[in-house]
Structure formats: structure tokens, C-alpha cells
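Participant: Below is a structure I'd like to ask you about.
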Amino acid sequence: MDMKCPLREAAAHITHSESRAPCPSQFRNMNRSKRFMSKWEKLIQRILTMSKDMRFDELRKVLESYGYEMSAPRGGSSHYTFRKPGAMPITIPKHEPIKKVYVQMVKEIVESEVSNHEND
């Protein structure tokens with residue numbers, strides 16, 4: 001179903017890449033469940049798609065929901081460590097936007113937790 005979107009075609013010279021987001025004219029045709037995702041679903045989707053504008057608090061929220069505990073840095077550092085029994089600790093600096101490598105680490109945790117949940 002390859003629908004041409006005049007708005008996307010007009011912006012193509014600006015973005016230099018094809019966006020996967022639906023065109024506003026196609027948005028009306030999406031089913032209701034896709035249009036009205038919860039905040040949590042949107043946050044997980046942003047992590048899985050490696051969004052470039054992730055904030056520290058968003059990653060913290062996801063890690064804490066999967067049982068990780070955050071420990072505050074010592075000695076003026078900005079690096080926070082998240083620990084969970086039986087898992088490797090993860091250290092993330094509190095700089096924004098978060099670098100892609102740290103989003104990738106959280107993405108791997110989300111995917112691991114999802115696969116563990118499916119196996120239960």
C-alpha cells in the first residue's frame with residue numbers, strides 16, 4: 001500500500017531520508033489502537049527505534065520498572081549506576097540528549113525482558 005503523501009514529498013528535500021512516520025492524511029486512516037498508544041508504549045517504542053532525543057529520566061524510568069536500582073554518583077561525577085541482582089550493572093551519564101550507545105544498552109535490556117516475559 002504505497003500511498004503518495006504530498007506533505008512528505010514536499011519535505012523530502014529537507015530530511016534527505018524517508019520518514020517512517022505516517023503522513024497526516026494517512027494518520028486519519030490508522031486504526032484507533034495505533035493512534036492512542038499509552039505513554040509507556042510510546043516510551044518503549046522510542047527506545048526500540050533508537051530515538052536520538054532520549055532524556056536521562058526516561059531511561060531511568062524504564063530501568064527502574066524492570067527492577068534496576070539507581071545509585072547516585074560520588075565525588076561530583078555525573079554517572080549514575082543502575083544495578084539489578086543477577087544482571088550486569090549499567091552506568092549512564094546524566095547528560096542530555098543521551099548518547100546512542102546508552103540508549104542501545106537500555107534497548108537490549110527491554111528486548112531481553114520482553115523475551116524473558118514471553119518464555120514465562
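Coordinate-derived values only; no laboratory data. Everything numeric in this text was worked out from a predicted model, so none of it was measured. Glycine also receives a Cβ, built like all others from the backbone with ideal geometry; neighbour counts cover every protein chain displayed.
Participant: Where in region 40-59 does the label zone of Glu113 land, with the point 7 angstrom along Cα→C-beta and an amide N cut-off under 18 Å?
Facilitator: Counting only backbone N, you get 40-51, 54-59.
Participant: Oh, and also: What residues qualify as long-range amide H neighbours of Thr91, i.e. H under 5 Å apart, gap of 5 or more or another chain, H built at 1.01 Å from N?
Facilitator: So Thr91 has HN proximity to Phe82.
Participant: Something else: Enumerate the calculated ³J(HN,Hα) couplings along region 96-110 in order (Karplus 6.51 cos²θ - 1.76 cosθ + 1.60, θ = phi - 60°), each rounded to whole Hz, writing x wherever the residue is Gly or Pro.
Facilitator: 10, x, 5, 5, 4, 4, 6, 5, 4, 4, 5, 4, 5, 5, 4
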